[in-house]
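Visitor: First the structure, then my questions, so here it is.
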Amino acid sequence: MREAAIRALSSRRAPFAIIALALLLASPSLSTGLVADDYYHALILAGGHGLPGVPDDPWALFRWADGTVAMSTAFMEVGMVGWWSDPQLLMSFMRPVSVLTHRLDHRLYPDTPWLMHAHTLLWFAGALFGLSRLYPRVALAGQRVSGQGRDGAGQTGRVSMGANLCLLLFALDDAHGLSLSWVANRNAVVALCLAVPVLLLHDRARRERSRAAAAAGPALLLCSLLAGEVALAACAYLFAYGMFLDPMGRRRGLLSIAPHAVVVVGWSIAYRALGFGARGSGLVVDPGSEPLRFAFALAERLPALLAAQLALPPADLWEFYGTVTPWLPGLMLGAVCVVLLLLAVAMRDLWKTDPAARFWALGMLLAAVPVCAQFPHDRLLMFVGVGGMGLVGRLLARWLTGQLGGLARVVAVGLVALHLVLGPTLLPVRVRAPADIRKMIGAADATIDQRPGVEQRTVVLINPPADAYAGYIPPLREAEGRPRPAHLHWLATAASEVEVERLDDHTLRVRPRLGFLARASERMQRGDRAPMRVGHRVVLTEMTITVTESTPAGRPLEVLARFTRPFSDPQLYFQAWSHGRFVPFEVPPRGKPVTLPAVDFSSLLP
């Protein structure tokens with residue numbers, strides 16, 4: 001079987017077969033439709049919508065919060081964010097190249113989602129084609145640096161086999177599932193497709209002294225950065241190239257990336273000057289303005305992302321550990337550190353003797369750093385996977401040729417099972433994730449009030465299980481032309497039990513057992529740097545929230561929700577989450593508080 005695998009991977013047709021196989025396994029994404037942020041994009045691109053706060057500028061597809069009270073308040077009024085959202089929250093990203101791809105979608109086939117998904121797969125095919133050229137060039141560069149000289153026919157075959165194995169591992173990585181099937185996340189695929197040629201051009205410029213390649217590389221890097229901030233990871237591989245593969249040596253190699261550094265600095269200055277960035281979130285960290293907080297986030301998120309890329313567990317699970325028990329995140333962090341240590345020990349001989357392996361390892365490590373600004377998720381691993389699968393491929397190539405023994409051989413067998421058996425099996429399943437998410441949000445949408453006249457009502461959700469079960473409803477209904485409440489408010493989440501008590505005909509006391517913003521998943525819209533201490537008020541058209549008890553750090557434990565209308569007013573309608581749906585909620589009599597149970601998060605899974 002090993003000999004058959006070596007022959008197949010050494011074939012000149014292998015890259016095209018690998019790309020075709022990857023597209024086939026990802027093809028179920030064509031039927032997943034639109035979900036979540038896709039509807040927000042659809043509203044902006046269609047223009048003329050009636051949802052307050054949503055930008056009318058088609059270039060603002062990736063502006064979810066602009067740092068102004070006006071946009072934040074408008075979103076609170078219609079129910080896209082909770083009352084606890086920081087009014088100065090900034091979540092706005094400069095991605096004009098990716099915006100162009102979405103504008104093309106909505107200009108040519110606005111009502112045909114499968115074509116939008118096909119568009120994403122075309123970019124993925126382009127990225128894979130670029131990698132089919134990059135992996136062998138890196139392997140050859142590594143051989144020359146290690147002093148193996150020019151390749152004979154046998155060496156050329158081994159290079160092709162190893163490079164195609166790296167390509168196969170990357171192409172069939174199930175971690176790409178959501179990136180390939182969520183239209184709104186296409187920017188990561190576009191950025192990768194544009195960034196891979198940057199590395200190819202740099203290698204050509206250094207080995208062939210090509211001035212054209214030297215000039216084109218930084219220009220293309222700028223294009224990839226304008227597709228998505230994740231393209232900063234390309235600089236990680238440029239740095240690693242200078243460290244380990246540059247034919248002129250390390251010093252000159254690092255100096256050669258100065259033009260790319262100038263591009264990044266210029267892009268960064270323009271980025272901030274134009275008002276883009278992230279600020280005020282409890283999950284998204286801006287390394288530039290919050291270096292200490294980013295360092296703490298890095299300590300947790302970097303091991304989680306690296307373990308998810310190289311082995312297990314998937315990074316997507318990190319969001320749920322804290323909902324199971326408070327000590328589980330720490331336990332899992334320790335477990336992934338053990339996994340990474342085991343891999344490092346198994347690969348120690350590879351790093352010592354193979355410059356290409358050192359290049360991929362350092363590139364992977366540094367590429368993971370910028371994405372640690374966000375909460376761990378497999379969809380962040382697109383650039384990390386280029387180096388991760390390059391490194392794993394170098395190890396498995398040695399295993400195929402019988403060059404491994406002991407622990408390294410055992411680890412290699414485990415990696416084969418994970419990446420060449422389990423990964424390809426899960427990829428068609430994981431690209432179906434948007435369809436599953438749509439079902440979950442649909443369960444909420446179908447049961448939130450949509451009776452005749454809802455356009456004039458204020459609907460209050462006592463305890464949605466998570467932000468998505470409320471926040472995505474307004475853009476979804478608006479995009480589909482269905483009636484939505486004039487005001488949609490959510491009082492708490494069902495992350496823990498919620499006690500609700502009537503104080504008078506206008507006022508409810510709301511007290512979650514764990515307090516507000518207790519779980520990591522609740523902190524997207526507000527961080528610790530914007531405390532809400534006792535007396536803090538949020539004034540909306542139909543409701544005013546007053547914090548009556550908080551932690552010393554300013555995290556609310558109890559609030560009073562006072563409504564403009566009395567509870568007897570039919571234009572005020574309450575609902576609570578129960579057994580997988582929203583049901584009518586009757587405000588209890590005075591002096592008889594009710595406690596709503598915490599959600600079983602496992603019940604939310606499709």
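The values are calculated or read from the model by the stated rules, or taken from the named source; none is laboratory data. None of the values given here were measured: they were computed from a predicted structure. When we count neighbours, we look across all protein chains shown, and the Cβ atoms used for this are built from the backbone with ideal geometry, even at glycine.
Visitor: Does L557 count as within 25 Å of S281 (Cβ to Cβ) and in contact with a Lys or Arg (Cβ under 9 Å, 6 or more places away or on another chain)? Show your work before the answer.
Guide: Numbers: within 25 Å of S281 (Cβ to Cβ): yes; in contact with a Lys or Arg (Cβ under 9 Å, 6 or more places away or on another chain): yes.
Yes: the conditions hold for L557.
Visitor: Hey, could you check segment 1-30 for residues that are assigned to a helix (DSSP H, G or I) and of a type in the set (D, E, K, R) and say which is modelled with the lowest pLDDT? Walk me through how you get there before you give the answer.
Guide: Looking only at segment 1-30, we keep the residues that are assigned to a helix (DSSP H, G or I), and these are 2-10, 14-30.
Checking which are of a type in the set (D, E, K, R) leaves us with 2-3, 7.
Details: R2: 81, E3: 87, R7: 90.
Selected residue: R2.
Visitor: Between a first residue in segment 30-42 that is farther than 18 Å from W59 by Cβ and touching a residue at least 60 places away in the same chain (Cβ under 8 Å) and a second residue that is among the small types (G, A, S) and buried (at least 24 other Cβ atoms within 10 Å of the Cβ), which pairs have beta carbons less than 6 Å apart while being 6 or more apart in sequence or on different chains?
Guide: Pairs that qualify, where the first residue is farther than 18 Å from W59 by Cβ and touching a residue at least 60 places away in the same chain (Cβ under 8 Å) and the partner is among the small types (G, A, S) and buried (at least 24 other Cβ atoms within 10 Å of the Cβ), are T32/S181.
Visitor: Do we have L255 as surrounded by fewer than 24 Cβ atoms within 10 Å (Cβ to Cβ) and under 28 Å from L305 (Cα atoms) here? Before you say what the answer is, go through the steps one by one.
Guide: Working: surrounded by fewer than 24 Cβ atoms within 10 Å (Cβ to Cβ): yes; under 28 Å from L305 (Cα atoms): no.
Here the answer is no, as L255 does not meet what is asked.
Residues checked against (1) outside any helix (DSSP H, G or I); (2) over 25 Å from G33 (Cβ atoms); (3) modelled with pLDDT under 95:
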{"site": "G393", "(1), (2), (3)": "no, yes, no"}
{"site": "L422", "(1), (2), (3)": "no, yes, no"}
{"site": "P428", "(1), (2), (3)": "no, no, no"}
{"site": "P465", "(1), (2), (3)": "yes, no, yes"}
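Visitor: So is S521 small (G, A, S), touching an Asp or Glu at 6+ places or on another chain (Cβ under 6 Å) and within 30 Å of G330 (Cβ to Cβ) or not? Can you show your working first?
Guide: Working: small (G, A, S): yes; touching an Asp or Glu at 6+ places or on another chain (Cβ under 6 Å): yes; within 30 Å of G330 (Cβ to Cβ): yes.
Yes: the conditions hold for S521.
Visitor: Residues A518, A576: which one is within 35 Å of the chain's Cα centre (by Cα) and either at pLDDT below 95 or of a type in the set (D, E) (or both)? Quick ask: steps written out before the conclusion?
Guide: Numbers: A576 fails: either at pLDDT below 95 or of a type in the set (D, E) (or both).
Result: A518 is the single residue among A518, A576 that is within 35 Å of the chain's Cα centre (by Cα) and either at pLDDT below 95 or of a type in the set (D, E) (or both).
Visitor: Here is a check on your reading of the model: is S224 out of contact with any Asp or Glu (no Cβ under 9 Å at 6 or more places or on another chain) and free of Cβ contacts under 8 Å to residues at least 12 places away in the same chain? Walk me through how you get there before you give the answer.
Guide: Working: out of contact with any Asp or Glu (no Cβ under 9 Å at 6 or more places or on another chain): yes; free of Cβ contacts under 8 Å to residues at least 12 places away in the same chain: no.
Judged against the criteria, S224 is not a match.
Visitor: I've got another one for you. Find all pairs meeting these conditions: Cβ atoms under 7 angstrom apart; at least six residues apart or on different chains; first residue within segment 280-307 and assigned by TED's automatic domain parsing to the domain that holds V384; second residue acidic (D, E).
Guide: Every condition considered, the pairs that remain are G280/D86; G282/D528.
Visitor: So, one more: Taking T325 and the conditions (1) among the hydroxyl-bearing types (S, T, Y); (2) surrounded by 15 or more Cβ atoms within 10 Å (Cβ to Cβ); (3) modelled with pLDDT under 95, which numbered condition does it fall short on, given that it satisfies the others?
Guide: (2)
Visitor: Please go through segment 31-70 and give me each residue that is assigned to a helix (DSSP H, G or I), surrounded by fewer than 20 Cβ atoms within 10 Å (Cβ to Cβ) and not β-branched (V, I, T), ordered by number.
Guide: Our first condition is that a residue be assigned to a helix (DSSP H, G or I); within segment 31-70, this holds for 31, 37-46, 58-60, 69-70.
With the extra rule that they be surrounded by fewer than 20 Cβ atoms within 10 Å (Cβ to Cβ), the set shrinks to 31, 37, 45-46, 58-60, 69-70.
If the condition is that a residue be assigned to a helix (DSSP H, G or I), surrounded by fewer than 20 Cβ atoms within 10 Å (Cβ to Cβ) and not β-branched (V, I, T), then S31, D37, L45, A46, P58, W59, A60, A70 are the ones that fit.
Visitor: Restricting to segment 579-606, what's the tally of residues that are assigned to a strand (DSSP E or B) and at pLDDT below 95?
Guide: Selection size over segment 579-606: 1.
Visitor: Can you tell me which residue within segment 90-115, out of those that are assigned to a helix (DSSP H, G or I) and without any contact (Cβ under 8 Å) to a residue 60 or more places away in the chain, is surrounded by the fewest Cβ atoms within 10 Å (Cβ to Cβ)? Break it down into steps so the answer makes sense when it comes.
Guide: Kept after step one, since they are assigned to a helix (DSSP H, G or I), are these residues of segment 90-115: 96-108, 113-115.
Subsequent filtering for residues that are without any contact (Cβ under 8 Å) to a residue 60 or more places away in the chain retains 99-100, 103-104, 107-108, 115.
Numbers: V99: 21, L100: 15, R103: 17, L104: 12, R107: 9, L108: 11, L115: 13.
Per the stated criteria, the residue is R107.
Visitor: Moving on. Does R133 satisfy the condition of being in a helix (DSSP H, G or I), closer than 13 Å to V196 by Cα and in contact (Cβ under 8 Å) with a residue 40 or more places away in the chain?
Guide: Numbers: in a helix (DSSP H, G or I): yes; closer than 13 Å to V196 by Cα: yes; in contact (Cβ under 8 Å) with a residue 40 or more places away in the chain: yes.
For R133, the condition - in a helix (DSSP H, G or I), closer than 13 Å to V196 by Cα and in contact (Cβ under 8 Å) with a residue 40 or more places away in the chain - is met.
Visitor: Quick check: is even one residue across segment 331-345 free of Cβ contacts under 8 Å to residues at least 60 places away in the same chain, touching a helix residue (DSSP H, G or I) at 6+ places or on another chain (Cβ under 8 Å), closer than 21 Å to D173 by Cα and in a loop (DSSP other than H, G, I, E, B)?
Guide: Among the residues of segment 331-345, not one is free of Cβ contacts under 8 Å to residues at least 60 places away in the same chain, touching a helix residue (DSSP H, G or I) at 6+ places or on another chain (Cβ under 8 Å), closer than 21 Å to D173 by Cα and in a loop (DSSP other than H, G, I, E, B), which makes the answer no.
Visitor: Still on this structure, I have one more. Among the residues of segment 5-18, write down those that are closer than 30 Å to P434 by Cβ and buried (at least 21 other Cβ atoms within 10 Å of the Cβ).
Guide: From segment 5-18, those closer than 30 Å to P434 by Cβ are 15-18; that's our starting set.
Once the filter is applied, which keeps residues that are closer than 30 Å to P434 by Cβ and buried (at least 21 other Cβ atoms within 10 Å of the Cβ), segment 5-18 yields P15, I18.
Visitor: Only one of (1) of a type in the set (G, A, S); (2) part of a helix (DSSP H, G or I); (3) touching a Ser or Thr at 6+ places or on another chain (Cβ under 9 Å) is not met by S85, so which one is it?
Guide: (2)
Visitor: Let me ask something else about it. Please state which of the following conditions T112 fails to meet, knowing it meets all the rest: (1) farther than 29 Å from F16 by Cα; (2) among the polar types (S, T, N, Q); (3) in contact with an Asp or Glu (Cβ under 9 Å, 6 or more places away or on another chain).
Guide: (1) is the only condition that T112 fails.
Visitor: Here's something else I'd like to know. Could you grab the pairs with beta carbons closer than 8 Å, sequence gap of 6+ or different chains, first residue in segment 387-414 and aromatic (F, W, Y), second one in a helix (DSSP H, G or I)?
Guide: W399/A408; W399/R409; W399/A412; W399/V413; W399/V416
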